[in-house]
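First the structure, in the form of structure tokens, and then the observations on it.
The numbers here are math on the coordinates, done by the rules we state, and not lab data. Treat the numbers as computed from the prediction; the structure is a model and nothing was measured. Positions of Cβ are generated from backbone atoms using ideal geometry, with glycine treated the same way; all protein chains shown enter the neighbour counts.
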Amino acid sequence: MRTTTAIIAAGGAGLRMGTTLPKQFALLAGVPILIHTLRAFAAVAVVEELIVVAPAAHLDRTRSLLAEFGLLDRCRVVAGGRLRQDSVRCGLEAVAETSELVAVHDGARPLIQKPEIERCLAAAAEAGAALLAVPVKDTLKAVAEDGLIRHTVEREGLWQAQTPQAARRELLQKAFALADRTGFIGTDEASLLEHAKIPVRVVEGAESNLKITRPEDLRIAEALLMETQSAFTALRIGHGFDAHRLVRDRALVLGGLTIPHELGLLGHSDADVLTHALCDAILGAIGAGDIGRHFPDSDPQYKGIASLRLLEHVIALAAEKDFRLGNADLTVVAQRPKLSPHFPAMRKLLAEACQVAEEAINLKASTTEQMGYTGREEGISAHAVVLMAARHPYPLCRG
């Protein structure tokens, strides 16, 4: 499959939604519409970069939202224009020349599924250009200005266009250049390609890939999302535990943060017992063994490594299995030092590594009232419980 850039067209105001903010920021099942859309494309291996075209007045809001949900590293945010065509042109100008295919998708189509994206991209790679569409099912009427039916439109051969719409980069650039020279305004990318006499292949999509335009669309999307989640979304619980000995002349690292203390934890890596417990919990939830299997202490490449890097690897492994972290509840057992003042910084580091909002990470500390090895300050231990969820509301697909 060719390397691909996806342009997410989210530059509109969404006035028909009746909200003060553009519709892409509205919540769908507790998550912004735009985030649902981006997660679907981020899961497609050949999509190397996502370009989010946002309203000029909401660039900072968009970047903050992407950072909150761990997507900022995968995305570039550019300002859109007055019309959809202007906004997509802004995104197209930001596409790298190394990208062979460009896919354009409505930011307000959050229920797009990974297999549909891959089918569309495969067709565009073969034919030069392709779009998702569904055959028209309802009877169509041509209506006059007075509200009376003029005639029934023959629906044979009629399809309702959706997105993504994908094309080889040079073909899409040619279509936009011709539209600019002739003053042609199209309703979608396929219409620009048609205007340039570039053939576009139709790939059958799904009725569920609806565009959210009005408040009732949001309710329909939420019902569809809940239905598919209840049918397909796997939830996995994992538990992790780790303990390390306290010694002198070692840094005390917990949750990725170096904490001032006269003792540190002994281990092959930085011995971050809290992060190790979290790694083990995630690995357990996805059925991938334990941290020792993936990062053995006999391997010199892990000597002294920051455990946050190990956590990032574990999160990537979970993503390969189509799982993401839902939430984590972590407990550190230590007699000293007092850890609660350090929790905000630790929480931020762990959330960034896990690509989740900080609210998804809960930290607690406990002593053992001077009982046992933690009470005698011989070591520190940590427990982690995680809930892992399927990353997308459709069946797991390796495609």
> Using 1/(1 + (r/R0)^6) with R0 = 45 angstrom and r between the beta carbons of HIS294 and LEU27, what's the FRET efficiency to the nearest 0.05?
Replying inline: 0.80
>> If you take every residue apart from ALA365 with its C-beta less than 13 Å away from the C-beta of ALA365, what net charge results, scoring Lys and Arg +1 and Asp and Glu -1?
In response: +3
> What is the spread of the Cα atoms of region 77-169 along each of their three principal axes, largest first, in whole Å?
Replying inline: 52, 31, 24
> Calculated from DSSP H runs of 4 or more alone, at -39500 (n - 2.57) each and per residue, what is the 222 nm mean residue ellipticity of the chain, nearest 500?
Replying inline: -10000 deg cm²/dmol
>> Between SER366 and THR139, what is the label-point separation in nm under the 7 Å Cα-to-beta-carbon projection?
In response: 6.9 nm
>> Would region 21-78 count as rounded, prolate or oblate if I go by the C-alpha gyration tensor, calling it rounded below 1.5 in a/c and otherwise prolate when a/b exceeds b/c, oblate otherwise?
In response: oblate
> Tell me, how many Å apart are the Cα centres for region 30-45 and for region 204-224?
Replying inline: 15 Å
> Stokes-Einstein at 37 °C, 0.692 mPa s, Kirkwood radius from Cα pairs: D for the chain in µm² s⁻¹?
Replying inline: 140 µm²/s
> For ILE185 and GLU262 in one chain, what is 0.36 nm times their gap in residues minus the Cα-Cα distance, to one decimal in nm?
Replying inline: 20.8 nm
> Roughly how many nanometres apart are two label points built 7 Å out from the Cα toward the Cβ at GLU194 and GLU97?
Replying inline: 3.3 nm
>> A 32 angstrom limit on the alpha carbon distance is what I want to check against. Which of LYS141/LYS211; LYS114/LYS348; LYS174/LYS321; LYS321/LYS348 exceed it?
In response: LYS174/LYS321
>> Multiplying the sequence separation of ARG82 and ARG214 by 0.36 nm and subtracting their Cα-Cα distance, what value in nm do you get?
In response: 45.5 nm
> What percent antiparallel are the DSSP beta bridges of the chain, to the nearest 5?
Replying inline: 60 percent
>> Could you tell me the calculated FRET efficiency between LEU387 and ALA57, based on Cβ-Cβ distance and R0 = 25 angstrom, to the nearest 0.05?
In response: 0.10
>> With the cut-off at 1.5 for a/c, could you classify region 235-390 from its C-alpha gyration tensor as rounded, prolate or oblate?
In response: prolate
> Looking at the P(r) of region 4-232, how many percent of alpha-carbon pairs lie beyond 24 Å?
Replying inline: 45 percent
> Where the centroid of each part is defined by its Cα atoms, how far is region 156-177 from region 76-109 in Å?
Replying inline: 13 Å
>> With just the Cα atoms defining each centre, how far is region 322-354 from region 118-141? Give it in Å.
In response: 45 Å
> Which of the GluC sites (Glu not before Pro) across region 225-329 are loop residues per DSSP, with 16 or fewer other Cβ within 10 Å?
Replying inline: GLU262
>> Can you tell me, using C-alpha contacts under 8 Å and at least 6 residues apart, the relative contact order of region 26-178 as a whole percent?
In response: 23 percent
> How do HIS36, HIS313 line up, fewest other C-beta atoms within 10 Å first?
Replying inline: HIS313, HIS36
> Applying the Karplus parametrisation 6.51 cos²θ - 1.76 cosθ + 1.60 with θ = phi - 60° to the phi angles of region 321-338, what ³J(HN,Hα) value in whole Hz is obtained for each residue in order, glycine and proline being reported as x?
Replying inline: 8, 6, 10, 10, 6, x, 7, 9, 10, 10, 10, 9, 10, 8, 6, 8, x, 6
> For ASP217, ASP73, ASP322, what's the fewest-to-most ordering of other Cβ within 10 Å of each Cβ?
Replying inline: ASP73, ASP217, ASP322
